[in-house]
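To start, the structure under review is shown below, and the notes come after it.
Rule-based calculations on the coordinates, nothing more; no lab input. Everything numeric here is computed off the predicted structure, so don't read it as measured data. With ideal geometry, Cβ positions are generated from the backbone for all residues, glycine too; neighbour counts draw on all protein chains shown.
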Amino acid sequence: MKRIVLTGGGTAGHVTPNIALIDRLKEEGFEVFYIGSKTGIEKELIENLGIPYYGISSGKLRRYFSMKNFTDPFRVQHGYHEAKKILKELKPSVVFSKGGFVSVPVVVAAGKKKIPTVIHESDMTPGLANRLSLRYATKICCNFAETLPHTKGKGIHTGTPIRKELFTGTREAGLAYAGFDGAKPVILVVGGSTGAVRVNEAVRAALPTLLPEFDVLHLCGKGKTDPGVTAAGYEQREYCDKEMKDVLAMADVVISRAGANAICELLALHKPNILIPLSAEASRGDQILNAESFAKQGFSKVLQESEVTPEVLTAAVKDLYENRQQYIDAMAASPSSDATETIVALLTELAEDGGATGAAAEDVE
């Protein structure tokens, strides 16, 4: 049987595309394993699926001063040795990485063992983890065609795998989960698995002008709910997993950050949306580029974080809802490739052509 190791973590966006691949990989005869961090969100998500999970040490490179910048390189080095040991034990035919800093030691170890390795980049330009991994990768799958010039000739435009279950949700189940009666249109606010403080604050400040016309389900992020904010028609949750398909089916309007995986799911589901990308001061600017691309194609309405006030947010929501059909039509007309099938076919080809050689290879420094 062919074996594959999936890796990626730190946020849900580095895990959900991997999850989207798992069923098809099994159908193609792969035995699936996962390497992630010891305490990250990916551990619970993957173990809930019954996939064998291996945790390794991980660190990250920060764009700001932190004492952890002095200790994390040692954690990464330790993670590399742990990953090398796990790969030696599992002998995978191929490795697939969705990114995040936990993936770097795995990709480096796989590359040095000559195991065919594919990495996936969701954003317009590769993040630091994928830039570090690129030299050790066989191929890099790209969500945007604009990313290809940054891949040193290894790039393939595939799009992003979308979880099939997201298409099976029902509005009725979403309303039951949120506790809404369905009399008003529903705004879904998604701050990401780690939350978005500025977005959360803006939404809560706008509640007095939103709630007369909308119900609001607010996914705030772990530890980001505010028990002091209560109102009829407003519900808070940290994060939802199995219920997400129903929550999305329920939503008439979505307010979201502009992470590539999240916005690709909104596109696939034809959900009218307002994107509030992370500012350039708080990120490398990838979400701004993602949002600009979606706005140009007519898929999204975009607000910059610095301009969001309760009045601006309320006006944007009402305008989006009133004109929602033009956004739905633009998304419905968008050509979409089946990223899952494309990527699984690539992984199958690499596993059959080079997997046995890679699994038996000695380390190459």
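If R0 is taken as 30 Å, the Cβ-Cβ distance between residue 150 and residue 209 corresponds to a FRET efficiency of 0.10. Couplings for the stretch 92-98, taken from phi via the Karplus curve 6.51 cos²θ - 1.76 cosθ + 1.60 with θ = phi - 60°, read x, 6, 7, 10, 10, 10, 9 Hz in order; Gly and Pro are left as x. Remark on residue 273: its backbone amide H falls under 5 Å from those of 254, 301, a criterion applied only to residues 5 or more positions apart or on other chains, H modelled at 1.01 Å from N.
Dimensions of the stretch 87-159 along the principal axes, based on C-alpha atoms and rounded to the nearest Å, stand at 38, 20, 18, largest first. Note on residue 38/residue 164: beta-carbon distance plugged into 1/(1 + (r/R0)^6) with R0 of 35 Å gives a FRET efficiency of 0.75. Counting only Cα atoms, I'd like the Rg/Rh figure for the stretch 166-332, Kirkwood definition for Rh. Using Cα coordinates only, the ratio equals 0.92. Taking a Cβ cut-off of under 14 Å around residue 171, the surrounding Lys, Arg, Asp and Glu residues balance to a net charge of -3, with basic ones at +1 and acidic ones at -1.
Placing unit charges on each Cβ (+1 for Lys and Arg, -1 for Asp and Glu) gives the stretch 112-199 a dipole about its Cα centre, and among 185, 161, 142 the Cα reaching farthest toward its positive end belongs to 142. What is the set of long-range amide H partners of residue 56 at a cut-off below 5 Å, with H atoms built 1.01 Å from backbone N? The list, which skips near neighbours in sequence, is 36, 37, 38.
Amide H contacts of residue 159 (H built 1.01 Å from N, in plane; Pro and chain starts excluded): 142, 143 sit under 5 Å, all sequence-distant by 5 or more or on other chains. Taking packing as the residue-averaged number of other Cβ atoms within 10 angstrom, the listed peptides 27-36, 82-91, 111-120 run from highest to lowest as 111-120, 27-36, 82-91. Taking each pair of different alpha-carbon atoms in the chain once, compute 1/r for the pair, average those values, and report the inverse of that mean as the Kirkwood hydrodynamic radius in Å to one decimal. With all distinct Cα pairs of the chain included, I get 21.1 Å.
Among the complete DSSP H segments of the chain, which ones combine at least 27 Å of alpha-carbon extent along their axis with a mean Kyte-Doolittle hydropathy of 0.5 or more? Membrane-span-like by this criterion, though nothing is claimed about a membrane: 339-360. Just tell me which lysines come within less than 17 Å, Cα to Cα, of residue 184; anything on the same chain fewer than 8 places away is out. Within the straight-line cut-off, residue 184 pairs with 271, 318. Note: relative contact order over the chain, using C-alpha pairs below 8 Å and six or more positions apart, is 17 percent. Of all DSSP beta bridges confined to the stretch 166-332, the antiparallel ones make up roughly 5%. Rounded to the nearest 20 debye, the dipole magnitude of the stretch 241-298 is 120 debye, with +1 charges on Lys and Arg beta carbons, -1 on Asp and Glu beta carbons, and the Cα centre as origin.
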